[in-house]
Each structure stands twice: as C-alpha cells, then as structure tokens.
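The block underneath contains the structure these notes are about, expressed in structure tokens.
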Amino acid sequence: MKLRGNTLVIGLQWGDEAKGKITDILSEQADVVVRFLGGSNAGHTVVTGGQTFKLHLIPSGIIHPNVLCVIAGGVVLDPEIFELELNDLVAGHIKFDGRLKISQTAHVVFPYHKLEDQLKENSLGDGKIGTTARGIGPCYTDKATRTQAIRVCDLFHLEQLDAKVRDIVNYKNRLFLALYNSPGVNADEMVRKAHRYGEILRPFVCDTTELLQDAMAADKRLVFEGAQGTLLDVDHGTFPYVTSSNASACGVSAGSGVPAKAIRTFLGVAKAYTTRVGTGPCPTEQINAAGDRIRERGHEYGTTTGRPRRCGWFDAFATRYSVRLGGIDKVALMLLDVLSGFDKLLICTGYRYRGQMLRSFPTDGEVMKEVEPVYEEHPGWAEEIDQVKSFDQLPANAQSYVRRLEQLIEAPVAIVSVGPDRAQTLMREETI
Ligand code: GDP
Ligand code: IMO
Ligand code: MG
C-alpha cells in the first residue's frame, strides 16, 4: 500500500468506525500522524500481533517506531489521561522519546470540566446527551468563552497561573453551588494539579503548527487522524446530540493549522452497519435480535466508557451525506465480518418524514427525531470471512453488498476490513 500524499482519516458515522485501525495501517507510510480535535472522549483501538492498544489522546501512529506524533491545537487535552496513556505505552514496550509533540495552544481539561459535564448531564434527565463525561463540552465551552480557559502554554507562566486557576475555580464553584447544589472543587488542589500538569507536558510542548508546516516543506508525509465522526460534528451533525467540535472533515484545517488544500486524499471510514453511543436519533437502530447479534459479534461496547453501543443496519442515506460534506475521495469499509450469518441484510436508502421522502439528510433535530428509514434488502452470506485474504475471495453476496454500498454512498470502497488485526485488511487499491 502506498499513499498519494497527505491523507485525512475521518469517521463517516457516529464514531467508532475503526479509525484507529486504519490510521495504524496508513502510518506504515507516514512520517507524521496528527490528532486535531476532541480529547479523551475518543477511544481508538489498534490490534497487531496479539497486542491491543487503546488510545484516547495519543495518535495511533505511535505504535510505528519511526512516526512523529502530534497532538495539535484543536485537541482538548486531559494531562491525567495523557499520563496514563504514556504508562500504557511503556508497558507495551513502545518507545516515544522525541517523537511525541503537543501544541502549546491546546486547551487543558481540568477535573472541574469533568465535574461540570457530569452535573449537567445528571440534571438533564431524559434530555441528556449521553456524553462520555470526559469534560469535553465544558472545556470547549471555556475555549469559546475565552476568559475561563487554560491552554497548555499558560501552564508555564507561573507568575500568572495560580491567580488564573483560583479565579476560574471561584467562578465555577459559585456556578456548581447555585445550579447543582454541588460543593465543587478545591482551589488549592487545582493549583497543585496545574503545576503538575505543566511538569507532565513540558517535555512534549512546541509550536506544532510551525512543526507541521516545516514537515510539509521538507516533503514529509502527513496522516491526520480524525476523532468522533461526521454525524457528531457540532455544526453538521445531529445537533444537539453531537460532540462540541468539528468532527467532520471540515475540522481538519482549524484543528491542525494545516491548510485543507495540503491534503491529497480524504479517506472516509465507515462500519458495514451502524452504531451509536449515547442518546440522539439513530434511525436504523435495531432493538431486537438483529441488533443484539451485531453487538455481540462486533463486541460493540465503548472503548472509552464500556457502554453497550446501539446497533443497526447500514444507513446509506446518512453516510452519503457525510461523504458529500467531507469531499470524501475513498472509503474504508470496516467490520464486514460481523455481518456473516444473516439471511438478509437491510440497507437504508432514504428517510420518510410525515409521509414524504426527504431529498436531503435532515439537520433539523425535530425532523430527525421523527424520520422513518426506508430499506432495501440484500441477500446475506453464511461463511465466516475473517481469514479471507483478497476481495475476490469474499462470498459473492459480500462482494455485491460492498458494491451496492459504493453506489448508494457515491464513493469507492478502497479498503475492506474483515477483523481487528492489521493483517485482516483487504486492499482493493494499492495506492490510497
Ligand atoms: P475508532 O474509535 O474509530 O478508532 O474505533 P474503536 O476502536 O472505538 O472501535 C472499533 C472496534 O472494532 C475496535 O475494537 C477494533 O479492534 C475493532 N475492529 C476494527 N476493524 C475490525 C474489523 O474489520 N472486524 C472486527 N470484527 N473488528 C474490527
Ligand atoms: P471515537 O474517536 C463514539 C459521543 C458520546 C455522546 C456525544 C457527546 O472513539 O470515534 P462528548 O463526551 O464528546 O461530549 O459526548 O458524542 N462520542 C463518541 N461516540 N466514538 C467517539 O469517539 C465519541 N466521542 C464522543 O457518546 O453521544
Ligand atoms: Mg472509538
């Protein structure tokens, strides 16, 4: 496999499309791998040679010994999770010295962000979003509000840091008490943590925008590892049941500081069916034996929270929307092996709303709540396919399923995945 140029990996559904696996595979051809949004709400899995790595903040490229890994400014970084991940890498015998960089402009997630996330969710009852409780929304909120934010570079201005932390904690605690009757967090402890966070992060911090621009000037190959998925994008997803950043391809430039035109290939990643964690509409969800079968065969339990994922049929109408929105050139279709053994598979080709077929994917939350999926049927296949080595060896019905999805989503499927391991990957094109 070769890369034509700098490549973006982006989820086309509601996250967990196996972006980690694809990023790891592309990393073999990459000099630099960049995370540019989200935080430890992400959970990316890489499986190789019997070892499994679960990464939340550190780019999946880290498993490859020569790849430089960058956490760019669009990320909201929890130093405590980052430290745990470093320990996991050490335990897994992965050396990262000198090849892990963090942007000085990334925003820092503090314990009060996680508390705020939980208190807010608990107060919403049935209307909750079902967040990962990792403080992501509150940290991005503070970024947008500006005056309550702490960025990585702030951790090193010790003359100002303590007063800044105390001011923020004072403000947050008044809010927590008034809105949620919660005592909040301890200011001294937050100040101590801020100092410790600086010590944890110091060896890794630099101006990553300049670093990436220098890398491009030196003709290095960059891979951008998306997190979450297009339908969780705060502007273009199923609002309000989304994350708090631009998780579609639209977010790569702002999050990384690299102009979008510097990226040659936009590679979309989709599961061969649909999953979603948390609340919010998921029109093709199957709360029945079919959904349970997908969950058990696909081990569909959250990498970050362990929550059972909601499972259902492939939604070609939603995925085509993501393809168009992101200018997706090619698609990696993942977890096809999970669908073995179904007599028939359903594919959602459109939505009906109050008796009418919708022309476009609804971005109005009230409409989205009410849509009914319209399906076509596709014959299934009985054989297990996890040991298949090429696309041509797949059962005829599996091949035609992939071809039908390509037609419906209007993008070619260049990669088909039939198992979690690197080796269980069928390349339909040698150059991506
Ligand atoms: P990400 O967040 O997009 O990186 O995806 P996750 O890691 O959260 O979830 C994908 C899960 O599917 C992980 O447990 C992977 O190891 C697993 N996986 C990846 N590709 C395949 C595949 O083709 N078949 C099966 N059965 N599992 C896969
Ligand atoms: P990766 O990168 C799946 C979902 C949460 C919730 C909503 C908002 O592993 O694909 P947040 O904590 O971000 O405020 O939660 O978004 N969510 C994800 N779902 N995969 C993810 O990341 C997700 N990151 C956030 O479940 O519904
Ligand atoms: Mg995940």
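The values are calculated or read from the model by the stated rules, or taken from the named source; none is laboratory data. Note that the coordinates shown come from a computational prediction; the quantities given were computed from them, not determined experimentally. Backbone-built Cβ (ideal geometry, glycine too); neighbour counts: all protein chains shown. Just the protein is used for accessible areas: all its heavy atoms, side chains included, with ligands, DNA and RNA removed. Shrake-Rupley method; radii C 1.70, N 1.55, O 1.52, S 1.80 Å.
Those strands (runs of 3 or more DSSP E) of the stretch 299-384 in which 3 or more residues are away from ligand 1 (no atom under 16 Å from the Cβ) and either farther than 30 Å from residue 55 by Cα or without any contact (Cβ under 8 Å) to a residue 12 or more places away in the chain (or both) occupy 344-353, 372-379. Across the stretch 27-72, which residue is farthest from ligand 3 (Cβ to nearest atom) among those that are among the polar types (S, T, N, Q) and in contact with a strand residue (DSSP E or B) (Cβ under 7 Å, 6 or more places away or on another chain)? Applying the filter and picking the extreme gives 29. Could you figure out which of (1) without any contact (Cβ under 8 Å) to a residue 60 or more places away in the chain; (2) more than 18 Å from residue 304 (Cα to Cα); (3) within 16 Å of ligand 3 (Cβ to nearest atom) isn't true of residue 81? It fails just one condition, (2).
You will find that of 302, 251, 268, the residue that is out of contact with any helix residue (DSSP H, G or I) (no Cβ under 7 Å at 6 or more places or on another chain) and crowded, with 22+ Cβ neighbours inside 10 Å is 251 and no other. Of the residues examined, residue 53 is not one that is outside the structural domain of residue 131 (by TED's automatic domain parsing) and crowded, with 23+ Cβ neighbours inside 10 Å.
Restricted to the stretch 128-145, and to residues there that are assigned to a helix (DSSP H, G or I) and open to solvent by 40 Å² or more (accessible area, probe 1.4 Å), the residue that is farthest from ligand 1 (Cβ to nearest atom) is 145. With respect to (1) farther than 22 Å from residue 195 by Cβ; (2) surrounded by fewer than 18 Cβ atoms within 10 Å (Cβ to Cβ); (3) of a type in the set (S, T, N, Q), the lone exception for residue 87 is condition (1). Could you tell me whether any residue of the stretch 189-207 is over 22 Å from residue 115 (Cβ atoms), within 16 Å of ligand 1 (Cβ to nearest atom), assigned to a helix (DSSP H, G or I) and in contact (Cβ under 8 Å) with a residue 40 or more places away in the chain? Checked against the condition, which is being over 22 Å from residue 115 (Cβ atoms), within 16 Å of ligand 1 (Cβ to nearest atom), assigned to a helix (DSSP H, G or I) and in contact (Cβ under 8 Å) with a residue 40 or more places away in the chain, the stretch 189-207 yields no hits at all.
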